[in-house]
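Colleague: Following this message is one structure expressed as structure tokens.
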Amino acid sequence: MADITLSSVGKTFAGAPALKDITTRFEDGEFIALLGPSGCGKTTLLRLLAGFEMPDSGQIRIGDRVMADAQAGTMVPPEERNIGFVFQSYALWPHMSVRRNVSYPLEIRRLSRADIATQTDAALAATGLRDYADRMPSDLSGGQRQRVALARCLVSDPGAVLLDEPLANLDVALRASMQAVFTDFHKRTGATMVYVTHDQAEAMAMADRIAVMDRGRIQQFDTPQNLYECPKNRFVAEFVGRGTVVPVQGVERTEAEVHARVLGARIAVQSGQDSPGVSHVCLRPENLTITETGDLRAKVARVTYLGGKYLLETVADCGTRLLAETRARFDVGAQLGLTITTPWAFLED
Ligand code: ATP
């Protein structure tokens with residue numbers, strides 16, 4: 001079992017906290033993404049799981065085994081954690097062929113020659129590298145090098161794999177095809193995967209759940225759909241997807257519905273069942289419809305073609321910037337009406 005449990009984990013560098021009181025659990029076999037802006041603590045969290053850093057407070061467990069305990073001062077070294085790593089920089093041995101890069105972890109474990117050959121062949125085949133086995137890493141493309149790093153993980157049969165922005169060095173087209181390689185790897189191994197990225201499209205495409213981080217804390221840990229449709233706070237609403245957060249007034253709750261005044265209009269809003277109240281809504285493009293007589297008037301400030309549709313950046317009469325999507329083309333300066341449809345509402349901390 002490679003479920004990962006963090007209890008009150010904290011890490012400080014030179015007096016500045018990089019991680020604050022992280023308590024969470026990654027289930028066995030889950031594909032988790034750690035997503036957040038630069039400096040929010042993603043890599044620090046990954047390095048603590050790997051055993052490259054010791055937490056200053058709290059405890060980390062993988063399965064039943066305590067890997068680090070700040071209070072007891074104990075820490076299991078990286079090589080004894082049964083964890084695989086995939087780095088942005090590939091970290092291949094430059095003087096070894098592809099085959100040897102992949103087989104080396106088995107050589108260290110002193111497996112028989114026949115077992116090493118069988119397992120290495122299987123890992124090379126699974127990552128589409130059979131024809132490249134005798135090449136040196138310097139003769140491979142970035143995507144192929146990253147496949148070698150994956151094959152090396154696969155052959156070691158780790159319980160968990162930690163990936164630190166593994167696609168950051170690749171171009172956009174290759175990134176998309178490598179995402180399929182990672183999801184296939186995940187299905188094949190059943191390993192718990194923890195994937196650091198600041199690319200939300202990448203996180204959304206691959207992860208079962210995403211931990212959205214900001215300033216050393218996990219702001220929301222949820223499925224991609226829930227993060228987008230039901231953000232818990234302003235940070236998540238603004239960081240994930242497009243949209244505008246605006247305050248609400250005059251909230252009326254009945255058993256079946258919640259109504260609120262949003263930018264002067266009285267509209268139905270959605271919120272969490274157990275939410276103690278609502279103070280803001282997140283207006284995403286799909287919550288706004290262009291109509292002749294809308295809830296509010298707005299002027300088009302910018303038009304971006306998205307392929308098959310346009311993104312309109314509009315400014316409402318009250319001065320609020322709102323994003324709408326439309327199949328019809330509008331010109332900058334056009335006046336239009338916007339109707340708001342049941343946006344997600346939350347209580348600002
Ligand atoms: P990025 O997306 O830019 O890689 P990140 O979310 O991975 O950022 P971390 O690398 O975890 O962020 O860093 C979190 C904070 O801790 C930052 O303020 C960083 O400057 C600081 N930090 C990380 N490692 C060290 C270190 N070894 N010494 C001092 N400060 C550090």
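Only the coordinates and a few stated rules stand behind these numbers; no lab work does. Predicted model, so just to flag it, every value in this text is computed and none were measured. Neighbour counts are summed over all protein chains in view; Cβ atoms, including those assigned to glycine, are modelled from backbone coordinates with ideal geometry.
Colleague: Considering only DSSP beta bridges where both residues belong to the chain, give the percentage that are antiparallel (nearest 5). Intermediate values should be presented prior to the final figure.
Modeller: On the way: 60 of 80 bridges.
Close to 75 percent.
Colleague: Something else: Mind giving me the FRET efficiency for D157 and L311? R0 is 51 Å, r the Cβ-Cβ distance, nearest 0.05 is fine. Numbers along the way, then the final one.
Modeller: Numbers: r = 46 Å, r/R0 = 0.89.
Once rounded, the FRET efficiency stands at 0.65.
Colleague: To continue, here is another question. Which whole-Hz ³J(HN,Hα) couplings does region 289-305 yield from phi under the Karplus relation 6.51 cos²θ - 1.76 cosθ + 1.60, θ = phi - 60°, glycine and proline marked x?
Modeller: Taking θ as phi minus 60°, the curve returns 10, 7, 9, 4, 10, x, 5, 8, 9, 8, 10, 6, 9, 7, 10, 10, 7 Hz for region 289-305.
Colleague: Sort F221, F52, F31 so the one with the fewest other Cβ atoms within 10 Å of its own Cβ comes first. All intermediate terms of the calculation are to be shown ahead of the outcome.
Modeller: Values: F221 18, F52 14, F31 23.
With the sparsest Cβ surroundings first, the list reads F52, F221, F31.
Colleague: Expressed in nm², what is the orientationally averaged projection area of the convex hull enclosing the Cα positions of region 31-105?
Modeller: Mean projected area of the Cα convex hull: 6.8 nm².
Colleague: Just need log10 I(q)/I(0) for region 1-40 at q = 0.35 Å⁻¹, Debye formula, equal scatterers on the alpha-carbon atoms, no solvent, rounded to two decimals.
Modeller: -1.10
Colleague: Below 13 angstrom from the Cβ of I218, what's the summed charge of the other residues (Lys, Arg +1; Asp, Glu -1)? List each step's numbers first, then the result.
Modeller: Working: positive: K20, R25, K42, R209, R215, R217, K232; negative: D21, D214, D222.
Counting the neighbours of I218, the net charge comes to +4.
Colleague: Working out 0.36 nm times the residue gap between D139 and T183, then minus their Cα-Cα distance, what length gain in nm do you get to one decimal? Write out the running numbers ahead of the final one.
Modeller: On the way: separation 44, 0.36 × 44 = 15.84 nm, distance 2.56 nm.
Taking D139 through T183 to full extension adds about 13.3 nm, to one decimal.
Colleague: Report the equivalent ellipsoid semi-axes for region 180-303 in whole Å, largest first, defined as the square roots of five times the eigenvalues of the gyration tensor built from alpha carbon atoms.
Modeller: Details: eigenvalues 221, 67, 34 Å².
Ellipsoid half-lengths, sorted descending, are 33, 18, 13 Å.
Colleague: Still on this structure: Given the rule -39500 (n - 2.57) for each run of at least 4 DSSP H residues, summed and divided by the residues of the chain, what is its mean residue ellipticity at 222 nm, to the nearest 500 deg cm²/dmol?
Modeller: After summing the helix terms and dividing by residue count, I get -7500 deg cm²/dmol.
Colleague: In whole angstrom, and with the biggest value first, how far do the Cα coordinates of region 63-165 range along each principal axis?
Modeller: 50, 33, 23
Colleague: Which cross-chain or sequence-distant (5 or more) residues have an amide H under 5 Å from the amide H of V258, H modelled 1.01 Å from N in plane?
Modeller: Amide H neighbours of V258: V269.
Colleague: Tabulate in residue order the Karplus-calculated ³J(HN,Hα) for region 174-183, using 6.51 cos²θ - 1.76 cosθ + 1.60 with θ = phi - 60°, rounded to whole Hz; enter x for Gly and Pro.
Modeller: 5, 4, 5, 6, 5, 4, 5, 5, 5, 5
Colleague: Using Cβ counts within 10 Å as a stand-in for footprinting exposure, how do R130, R215 rank, fewest first? All intermediate terms of the calculation are to be shown ahead of the outcome.
Modeller: Values: R130 12, R215 15.
Neighbour counts put them in this order, fewest first: R130, R215.
Colleague: Over region 209-349, what relative contact order in percent results from Cα pairs under 8 Å that are six or more residues apart? Intermediate results must be reported in sequence, preceding the final value.
Modeller: Numbers: 315 pairs, mean separation 34.8, N = 141.
Over region 209-349, the number comes to 25 percent.
Colleague: Per residue and in Å³, how big is the convex hull formed by the alpha-carbon atoms of the chain?
Modeller: Details: hull volume 61.0 nm³, N = 349.
Given the Cα convex hull of the chain, per-residue volume reads 175 Å³.
Colleague: Related question: Evaluate the distance, in nm, between pseudo-label points positioned 7 Å from the Cα of D208 and of F52 along their respective Cα→Cβ axes.
Modeller: Modelled inter-label distance: 2.5 nm.
Colleague: Collect residues whose amide H, placed 1.01 Å from N in the peptide plane, falls under 5 Å from the amide H of T342; neighbours closer than 5 in sequence don't count.
Modeller: A268
Colleague: Given Cα pairs under 8 Å that are at least 6 residues apart, what percent is the relative contact order of the chain?
Modeller: Working: 741 pairs, mean separation 53.9, N = 349.
Relative CO of the chain lands at 15 percent.
Colleague: Now for a separate question. With the radius of gyration and the Kirkwood radius both derived from the Cα set of region 210-282, what is their ratio Rg to Rh? If you can, show how the numbers build up before the last one.
Modeller: Values: Rg = 13.1 Å, Rh = 13.2 Å.
My calculation of the ratio gives 0.99.
Colleague: Determine the gain in length on full extension of the stretch R327-D28; use 0.36 nm per residue of separation and subtract their C-alpha separation, reporting nm with one decimal.
Modeller: Here the answer is 103.3 nm.
Colleague: Next question. Expressed in nm to one decimal, what extension gain is obtained for the pair D115 and S275 from 0.36 nm per residue of sequence separation less their Cα-Cα distance? Can you show the working numbers first?
Modeller: Working: separation 160, 0.36 × 160 = 57.60 nm, distance 5.61 nm.
Computed gain between D115 and S275 is 52.0 nm.
Colleague: So if I average 1/r over every pair of distinct C-alpha atoms in region 243-346 and take the inverse, what Kirkwood radius in Å does that give?
Modeller: Working: mean 1/r = 0.0708 Å⁻¹.
Answer for region 243-346: a Kirkwood hydrodynamic radius of 14.1 Å.
Colleague: Of K11/K187; K11/K232; K232/K299; K187/K232, which ones are farther than 28 Å apart at the Cα?
Modeller: Numbers: K11/K187 32 Å; K11/K232 25 Å; K232/K299 30 Å; K187/K232 30 Å.
Going by Cα-Cα distance, K11/K187; K232/K299; K187/K232 fall outside the 28 Å limit.
Colleague: Test of understanding: ordering H186, H95 by Cβ neighbours within 10 Å, fewest first, what list do you get?
Modeller: Exposure proxy ranking, most exposed first: H95, H186.
Colleague: If packing is taken as the mean number of other Cβ atoms within 10 Å per residue, what is the order of 196-208, 39-51, 67-79, highest first?
Modeller: Values: 196-208: 19.0, 39-51: 21.5, 67-79: 14.5.
Peptide ranking by packing, descending: 39-51, 196-208, 67-79.
Colleague: I need the calculated FRET efficiency for the pair F87 and A301, taking r as the beta carbon distance and R₀ as 35 Å, to the nearest 0.05.
Modeller: On the way: r = 42 Å, r/R0 = 1.20.
Efficiency, rounded to the nearest 0.05: 0.25.
Colleague: Still on this structure, please answer the following. Separation between the A334 and D64 pseudo-spin-labels, each 7 Å from Cα along Cα→Cβ, expressed in nm?
Modeller: According to this spin-label approximation, the distance is 6.6 nm.
Colleague: Starting at the first residue of region 41-48, write each ³J(HN,Hα) from the Karplus equation 6.51 cos²θ - 1.76 cosθ + 1.60 with θ = phi - 60°, in whole Hz, x for Gly and Pro.
Modeller: With the stated coefficients, region 41-48 comes to x, 4, 5, 4, 4, 5, 5, 5 Hz.
Colleague: Quick one: which residues, 5+ away or cross-chain, put their amide H under 5 Å from the amide H of E30? H built at 1.01 Å from N.
Modeller: HN-HN under 5 Å from E30: M193.
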